[in-house]
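Peer 1: Quick one: structure below, then a few questions.
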Amino acid sequence: MLGLHGPVAAGLAFCLFHVSLVRPLSASTPFYPTSVKQQVDTFGVGARVGLKLAGGRKVRGSIESVDDQGFLLSDGERAARRIAYDQVAQLRLAERAYRAKGETDPDAARRVVVSLGVGRHAVVKFGGLELHGNIQAIAADDFTLLPDRATVPVRISYSEVRYVEKNLSLHGTIFLLAVIAVAVAVIVVAGTR
């Protein structure tokens, strides 16, 4: 059994490497103050965000106000903190999914769609429908989704969205299931010897 630890570890490392390819790559390009400002403007006042500051410190909170040099971030416990755009190393929306509780919130739905970005695969529930597909365009009042196995894109108003979040594509799901099956098979074979 001791001789199998190497192959089991190699198999699991192989599986983990391939699973990491399925996940979206993190933004390794540096943020520039103008792109941070554009992102803050796009998310808008009220958005809950997570920041990594240039010094490495991480902070979370809601955007209270925005101006040309920076924005006010409130964590709800202390006074709002002023953050200059050039202090931000990374900015992301705190919530990567939107689910309507009662009435829809078009601003919250728009923030999630913007955070996902063009080209990402998403699941969207609206008007009694559920669609899975790639986001093709993002506008101020709506976005365009090309549903899986369809040739005609669908335009969806943020005011109609009941639920939206990132979703693995069919190919990504199949690949992930295959990787998991290989990992389980390696573990079972290792356990039987």
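Read-outs: derived from the displayed coordinates by stated rules, not from any lab. Quick caveat, the model's predicted, so the values are computed rather than measured. In this analysis, Cβ positions are derived from the backbone assuming ideal geometry, glycine residues included, and neighbour counts consider all displayed protein chains.
Peer 1: Let's test this: bin the Cα-Cα distances of the stretch 31-94 at 10 Å from zero up to the farthest pair and state each bin's percent.
Peer 2: P(r) over the stretch 31-94, rounded to whole percents: 25, 65, 10.
Peer 1: Relative contact order, percent, of the stretch 31-94 when contacts are C-alpha pairs under 8 Å separated by at least 6 residues?
Peer 2: 38 percent
Peer 1: What FRET efficiency do you get for ALA84 and HIS132 if R0 is 35 Å and r is their Cβ-Cβ distance, rounded to the nearest 0.05?
Peer 2: Values: r = 40 Å, r/R0 = 1.14.
Computed FRET efficiency for ALA84 and HIS132 comes out at 0.30.
Peer 1: Sticking with this structure for a sec: Could you sort out which of LYS37/LYS101; LYS52/LYS125; LYS125/LYS166 sit more than 24 Å apart by Cα distance in this structure?
Peer 2: On the way: LYS37/LYS101 30 Å; LYS52/LYS125 32 Å; LYS125/LYS166 12 Å.
Beyond 24 Å: LYS37/LYS101; LYS52/LYS125.
Peer 1: Next up: Taking θ as phi - 60°, what are the ³J(HN,Hα) couplings along the stretch 117-126 by the Karplus curve (6.51, -1.76, 1.60), each to the nearest whole Hz, with x for Gly and Pro?
Peer 2: My calculation for the stretch 117-126 gives x, 5, x, 6, 8, 9, 10, 9, 10, 7 Hz in order.
Peer 1: FRET efficiency for GLU64 and ILE187, Cβ-Cβ distance as r, R0 = 30 Å, nearest 0.05? Don't skip to the end; give the middle numbers.
Peer 2: Working: r = 50 Å, r/R0 = 1.66.
E between GLU64 and ILE187, to the nearest 0.05, is 0.05.
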